[in-house]
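Worksheet: the structure to be examined is printed underneath.
The values are calculated or read from the model by the stated rules, or taken from the named source; none is laboratory data. Computed from a predicted structure; not experimentally measured. Every residue, glycine as well, gets a Cβ built from its backbone with ideal geometry; the counts of neighbours run over all protein chains shown.
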């Protein structure tokens, strides 16, 4: 049975990580294509990644999260049921990413910031249709180059985020794997639970059968969260909460 997974971050740090994960997946998809439209989409996504990274001190946030995971996982050495070989490997990966981030004094994607070609596209991208050929003939010319040349350039531009990307991927993997899904019941489409602030939940994950005609709307913070299951009956109307019980799987990931 196919399931659809829904995730809700419960702090801003993880929210940024999830957005970046989504953008990197989007860029990968476009980079696999050879058309000029694929290259347009890929470059647009790379610009989004750079803009998101530039608006916050993301390096500090990643370093804090790596340190937090290292401290939490180190305590597991006292548990005889833990795979110590795998634990050693994960701790080495965390330490490696921390060292790489500490040793690199330059901000993520610094080369893109001074790339005049990309800067001209970024400037026009906020205007509807602003990157068409009449506004950016240089961009149009670049898009007519061979797919190999375009993909090579795009790969080089996105590679400036490699360390950041891999660190975020490891962090999110550890968080997601920290909890086992539990079966829950939302009475009349509504579910609520209190949280322990001393053990903050990082991500809420909800799984539903794909054939179920509703989706969860999750809201929450440090102390509690609520889930409402909604159905979109007509495109032009607001979704309505279902009026029957919904059984679902939930994980509260809190490493």
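Are any residues in the range 221-233 outside any strand (DSSP E or B) and either touching a strand residue (DSSP E or B) at 6+ places or on another chain (Cβ under 7 Å) or crowded, with 20+ Cβ neighbours inside 10 Å (or both), and if so, which ones?
If the condition is that a residue be outside any strand (DSSP E or B) and either touching a strand residue (DSSP E or B) at 6+ places or on another chain (Cβ under 7 Å) or crowded, with 20+ Cβ neighbours inside 10 Å (or both), then 223, 233 are the ones that fit.
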Take the range 242-255 and flag every residue that is surrounded by 15 or more Cβ atoms within 10 Å (Cβ to Cβ) and in contact with a strand residue (DSSP E or B) (Cβ under 8 Å, 6 or more places away or on another chain).
242, 246, 248, 249, 250, 251, 252, 253
Just checking, does the range 151-169 include any residue being free of Cβ contacts under 8 Å to residues at least 40 places away in the same chain and either touching a helix residue (DSSP H, G or I) at 6+ places or on another chain (Cβ under 8 Å) or more than 30 Å from residue 98 (Cβ to Cβ) (or both)?
yes
Only one of 244, 140 is assigned to a loop (DSSP other than H, G, I, E, B) and more than 20 Å from the chain's Cα centre (by Cα). Can you tell me which?
244
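For (1) surrounded by 14 or more Cβ atoms within 10 Å (Cβ to Cβ); (2) outside any helix (DSSP H, G or I); (3) in contact (Cβ under 8 Å) with a residue 40 or more places away in the chain; (4) in the same structural domain as residue 200 (by TED's automatic domain parsing), each residue gets a yes or a no:
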| site | (1), (2), (3), (4) |
| --- | --- |
| 49 | yes, no, yes, no |
| 56 | no, yes, yes, no |
| 70 | yes, no, no, no |
| 76 | yes, no, no, no |
| 82 | no, yes, no, no |
| 86 | no, no, no, no |
Here are 218, 171, 206: which of them is within 29 Å of residue 45 (Cα to Cα) and part of a helix (DSSP H, G or I)?
171
Just checking, does the range 4-25 include any residue being loosely packed, with under 14 Cβ neighbours inside 10 Å, touching a strand residue (DSSP E or B) at 6+ places or on another chain (Cβ under 9 Å) and not in a helix (DSSP H, G or I)?
yes
